[in-house]
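Note sheet for the following structure.
Bear in mind that the values in this text are calculations on the coordinates, not laboratory data. Owing to the predicted nature of the structure, the values given are computational and were not obtained by experimental measurement. We place every Cβ from the backbone using ideal geometry, glycine too, and count neighbours over all the protein chains shown.
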Amino acid sequence: MSERTIPTPVKAFGALALLALAALLPLVVTEPSQQNFLILILMGAQLGVAWNIVGGYAGQVSLGHAVFYGIGAYTSTMLLLTLGLSPWVGALAGGGVSVLFALAMGWPCFRLKGHYFAMATIAVAEIVQILVTNSEFLEGAVGLSLPMDQSGWGVLIFLSKLPYYYVILGLLVLTVLTAWAIERSHIGYYFRAIKDEPEAARALGVSLTRYKLIALSVSAFLTALGGSFYAQKEMFIDPGSVLAGAISIKIALIAILGGVGTLLGPVLGAAVLITIEEYSRTLFGSTGSGTDMIIYAAMIILVAVFSPSGVLGLLGDLRRFLPGARSKGPDMADKMEIRP
Amino acid sequence: MTADILFQVLVSGLLIGLIYALVAVGLTLIFGVMDIVNFAHGEFLMLGMYASFWAFALFAVDPIVALPFTALLLFAVGVIVYQTVIRRILKAPMLSQIFATFGLMILLRGLAQFFWKPDHRLIPHSLVSGNLTLGSVQFGLPQFVAALGAVGVTGGLWYFLHRTRLGTALEATAIDREAATLMGIDGQKMFALAWGIGAACAGIAGGLIATFFPIFPEVGANFILIAFVVVVLGGFGSVTGAFLAGIIVGLIEVLGGFLVGPEYKTAIVLSLLLVVLLVRPRGLMGKA
Amino acid sequence: MNTAPLLAVDGLGKAFDGLVANRDISFKIHHAEIVGLIGPNGAGKTTLFNCLAGFYTPTTGRIAFEGRDITGSSPESAAALGIARTFQIVRVFHSMTARENVMVGAMLRDKRVREARKRADAELAFVGLSHRADVPASDLTVSEQKRLEVARALATDPKLILLDEVMAGLNPTEVREASQLVHRIHQRGIASIIVEHVMEGIMPIAHRMLVLDYGAKIADGTPAEIAENPAVIAAYLGD
């Protein structure tokens, strides 16, 4: 077989090396604000990889992922506040609620193709944000605060940044492994088939609804875990910080910038995007005066128009040397090429 | 509910519904002609509002007087967007198409925030201000004028699409692009025209809304979602459908706000989207 | 061999917004039979295919497959029952290699990637595309893409395969190869219905021919009978 990628042992080694590097990084980067910056990148990367499962692999663009993020954050926080349930369990429960929500939302919305599906996801996220903002039970616009009086691994609240770094790194690894496992199984093949030619996929016995729902559910579950992590790290959530449209946009941007449908593209996408965001804040004040938005948007338009394989595509063949990049056949990113 | 209140609700719903129709008409036209959803449509509206604001702030020109200028400006914006971005992604995979107009949305919001600050701005003392009283029903003059304008523009667009040569060609392209090309209609020109007209409609809507609604960089987000509901309810690509659906959505919004609570009115309208998708995905007047 | 018909179509009709594309079509297909489906442009051949493969729900009539009523079933359940199809305008998964395309088909019966790969390689060999297995499907020639669609369909283990103009645009050598391919599909015990305009490709191998005109069946018989049939000649000469 003439597969044009790197042999598996080399890639496995590369992946482990990268992971080891990531694990050792905070020993070098000890400044809390810099550690926080790294945490933000890992958080963005995790969300981007999770989004990519439905938006990249299966080609169903969601611009309402904040709803899953918010469900995760609110579920684990409410369970902690009302029942005193550990966020470890709460996060899983949030994932479960998120999956149920994904199924309920996907069933009508997946009747819509492409652009229309994307629009519908924005609408659903908006509805949820309005409902939560007006919910007395969830403290509405006031938001929820986590108790400050305890810390440690049981309640997943820490006084230093370092434990958060390792928790989010672990979550990112879990998310990447999930995406990788999907990519290699029949599900990954079915996702790509649905993205390329849905009618032909049906003729081969692929149920579009079932597999789109699988894609959305897995993505929703992982996104909810990210939301729970956010709540634990910030110790405060409100509709604006975990359910806003801007969050949905950011999640999608990270994956799009990094390269839609590539395993590790979103990690790079997150690094680029978070860096731009932080720099524009330093240069133009707290809101960045929209400069970060302008830069991402310009990049996205350029990527869409000229190099649909994302930032990774712009960096040429670097992608091939990334450990864990697609192992069989052409890179997923090739799918995004503009056909003549 | 007394008859007076009901009547008041109906009038308010009708007025806002006509404006929604105007915003949605441009969106549905672009959908219909080229099967692309313009995520930046709300930002065209936002640009229309800022154009009115600056015409007022710098030259003391009232938004209503400035309408032709706003329309022309936005027509130009639409054509430029088409020529620089959209034209290059016509044959691109759907994902690239989504990302292109989505990117445009973020870009325009970012630019507005950068140049005009995130502040809410208002146009004070427009030509049209104050309230009108009709029997027991009271409504704002700006809303009334905006609704009249919406009817005029939508009517004009309908006339253009059905009674003029150029408009018929555009409509033919919307119905069947390939057949239209075979009949010698220049697809590229039609696409550019659709973007120009679509943006101009959004711009006029912006100019009309600017007389009574705050102006800020994200203002388009409110309207694009409702416009999307209108387009789905009316049937993708149907101008007449969008007009009727706009009124229905306006009525539901005001009635829902009245019965359930104003904070839920947008959620009610957006839920309508899911109901339509479940019950009648082709909308009121959409092609099967 | 089983004597009950594999496929029985009874009084099938399909209308779109009042426009009739198929009317009162009845026929039977037996196991491993090769049936040509011909007719002038717009006669309703592709509509009939779409009804059989579950893409359209017929307006009237019944479709039975192996004695089971499958009228109005979905494409995916039609595929699971053993009806495979190709598309008139090729629909390969353009971002995947030829092998991966066929693997998607093979996964209908066995979800294991390794097994699907083996099956895909066997089907690629069957249609003569082994040397192109690792080429992205979008880089194949149209004639190769058509064969790839056949391989993909065969990988689903069908009992009936619907071939939509697989010979169109092929040169005489390729037409001969395609005819042989259809014959070899028959030898595997798979029935085929072939929509074709290329008469020299279909006439020598078809056991039977169905002729449609204006959405209705106007003839059903051996290729020799069809060639003599006055109604068919009239339809083709434009009466």
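Averaging sequence separations of C-alpha pairs under 8 Å and six or more residues apart, then dividing by the length of the stretch C:90-156, give the relative contact order as a whole percent.
Details: 103 pairs, mean separation 33.6, N = 67.
Normalised by residue count, the contact order of the stretch C:90-156 is 50 percent.
Relative to the longest principal axis of chain C, what angle (0 to 90°, nearest 10) does the C-alpha long axis of helix C:113-127 take?
60 degrees
Quick one: what are the phi-derived ³J(HN,Hα) couplings along the stretch C:213-227, Karplus 6.51/-1.76/1.60 with θ = phi - 60°, whole Hz, x for glycine and proline?
Calculated HN-Hα couplings, in order: 8, 6, x, 10, 7, 10, 7, 7, x, 5, x, 5, 5, 4, 4 Hz.
What does the charge count around B:LEU170 come to, taking other residues whose C-beta lies under 14 Å from its C-beta (Lys +1, Arg +1, Asp -1, Glu -1)? Working shown, then result.
Values: positive: B:ARG163, B:ARG165, B:ARG177, B:LYS189; negative: B:GLU171, B:ASP176, B:ASP186.
Around B:LEU170, the charge tally is +1.
Where the centre of each part is set by its Cα atoms, how far does the stretch C:131-145 sit from the stretch C:84-115, in angstrom?
What the calculation gives is 13 Å, centre to centre.
Scan chain B and hand back the longest stretch that contains none of the trypsin sites (Lys or Arg not before Pro) lying in DSSP loops with at most 16 other Cβ atoms within 10 Å.
On the way: sites that count: B:LYS91, B:ARG282, B:LYS287.
The longest uninterrupted stretch comes out as B:92-281.
Taking the alpha-carbon distance from B:LYS189 and a cut-off under 21 Å, which lysines remain once sequence neighbours fewer than 8 residues away in the same chain are dropped?
B:LYS91
Taking the alpha-carbon distance from A:LYS250 and a cut-off under 17 Å, which aspartates and glutamates remain once sequence neighbours fewer than 8 residues away in the same chain are dropped?
Reachable aspartates and glutamates: A:GLU126, A:GLU277, A:GLU278, A:ASP292, B:GLU218.
Measure nothing but the geometry: give the 0 to 90° angle between the long axis through the Cα atoms of B:94-116 and the longest principal axis through the Cα atoms of chain B, rounded to 10°.
Helix B:94-116 sits roughly 50 degrees off the main axis of chain B.
For C:GLU66, which sequence-distant residues (separation of 5 or more, or a different chain) have an amide H within less than 5 Å of its own amide H, given hydrogens modelled in the peptide plane?
Distant-sequence amide H within range of C:GLU66: C:LEU7, C:ALA8.
Give a residue-ordered list of calculated ³J(HN,Hα) values for the stretch B:31-45 (Karplus: 6.51 cos²θ - 1.76 cosθ + 1.60, θ = phi - 60°; whole Hz; x for Gly, Pro).
Coupling constants for the stretch B:31-45: 3, x, 6, 9, 6, 10, 8, 8, 5, 8, 4, x, 6, 4, 4 Hz.
Please say if the protein assembly as shown is rounded, prolate or oblate, where rounded means a/c under 1.5 for a ≥ b ≥ c the square roots of the C-alpha gyration tensor eigenvalues, and otherwise the choice is prolate for a/b larger than b/c and oblate otherwise?
Details: a/c = 2.03, a/b = 1.30, b/c = 1.56.
Oblate, because a/c is 1.5 or more while a/b does not exceed b/c.
Cut-off 10 angstrom, C-alpha nodes, Gaussian network model of chain A. Which of A:PHE101, A:PHE37, A:PHE13 fluctuates the most?
Taking springs between Cα atoms under 10 Å, the residue moving most is A:PHE13.
Tell me, what is the percent relative contact order of the stretch A:35-336, built from C-alpha pairs under 8 Å that lie six or more residues apart? Please report the intermediate quantities before stating the final value.
Details: 495 pairs, mean separation 96.7, N = 302.
Value for the stretch A:35-336: 32 percent.
Going through the DSSP H helices of chain A, which span 24 Å or more along their own axis at the Cα atoms while scoring at least 0.0 as a mean Kyte-Doolittle hydropathy? Mind showing how you got there, number by number?
Numbers: long enough: A:8-28 (30 Å, 1.92); A:32-52 (30 Å, 0.72); A:87-109 (32 Å, 1.33); A:114-133 (29 Å, 1.43); A:161-184 (34 Å, 1.16); A:208-234 (38 Å, 0.52); A:265-284 (28 Å, 0.89).
Both cut-offs are met by A:8-28, A:32-52, A:87-109, A:114-133, A:161-184, A:208-234, A:265-284.
Hand me the trypsin sites (Lys or Arg not before Pro) from the stretch C:59-111 located in a DSSP loop with no more than 16 other Cβ atoms within 10 Å, in residue order please.
On the way: sites: C:ARG62, C:ARG68, C:ARG85, C:ARG91, C:ARG99, C:ARG109, C:LYS111; in loops: C:ARG91, C:ARG109, C:LYS111.
Within the stretch C:59-111, the qualifying trypsin sites (Lys or Arg not before Pro) (loop, at most 16 other Cβ atoms within 10 Å) are C:ARG109, C:LYS111.
What shape does the stretch B:3-279 have by the C-alpha gyration tensor, where a ≥ b ≥ c are the square roots of the eigenvalues, rounded means a/c under 1.5, and otherwise prolate means a/b greater than b/c and oblate the rest?
Numbers: a/c = 1.60, a/b = 1.32, b/c = 1.21.
Judged from the Cα gyration tensor, the stretch B:3-279 comes out prolate (a/c at least 1.5, a/b above b/c).
Straight-line reach from C:LYS118: which aspartates and glutamates fall under 18 Å, measuring Cα to Cα and dropping same-chain residues less than 8 apart?
Partners within reach: A:GLU3, C:GLU100, C:ASP110, C:ASP134, C:GLU149, C:ASP157.
Of all beta bridges DSSP finds with both residues in the protein assembly as shown, what is the antiparallel percent, to the nearest 5?
Taking every DSSP beta bridge with both residues in the protein assembly as shown, the antiparallel ones total about 65 percent.
Count neighbours as other Cβ atoms within 10 Å of each site's Cβ, and list the trypsin sites (Lys or Arg not before Pro) in the stretch C:177-214 that are DSSP loop with at most 14 such neighbours.
On the way: sites: C:ARG184, C:ARG188, C:ARG208; in loops: C:ARG188.
Listed in order of number, the matching sites are C:ARG188.
Compute the angle between helix C:142-154 and the longest alpha-carbon principal axis of chain C, please, reported from 0 to 90 degrees and rounded to the nearest 10.
So the helix axis and the longest Cα principal axis differ by about 90 degrees.
Any of A:LYS161/A:LYS233; C:LYS45/C:LYS217; A:LYS113/C:LYS146 with alpha carbons more than 20 Å apart? Name them for me.
A:LYS113/C:LYS146
Work out which GluC sites (Glu not before Pro) in chain A are exposed loop sites (DSSP not H, G, I, E or B, at most 13 other Cβ within 10 Å) and give the longest gap free of them. Walk me through the intermediate numbers first.
Numbers: sites that count: A:GLU3, A:GLU136.
Counting at most 13 other Cβ atoms within 10 Å as exposed, the longest clean stretch of chain A is A:137-340.
How would you classify the stretch A:1-145 from its alpha-carbon gyration tensor, with a ≥ b ≥ c the square roots of the eigenvalues: rounded for a/c under 1.5, else prolate if a/b is greater than b/c, otherwise oblate?
Working: a/c = 2.33, a/b = 1.26, b/c = 1.85.
Cα axes put the stretch A:1-145 in the oblate bin.
Per-residue Cβ counts within 10 Å, from other chains only, averaged over A:184-193: what number is that? Don't skip to the answer; put the middle values down first.
Values: counts 1, 4, 11, 2, 1, 11, 3, 0, 5, 10.
Taking the mean over all residues of the peptide, I get 5.
GNM, chain B, Cα, under 10 Å: largest mean-square fluctuation among B:GLY235, B:GLY257, B:GLY203?
For chain B, modelled as a Gaussian network with Cα springs under 10 Å, the answer is B:GLY257.
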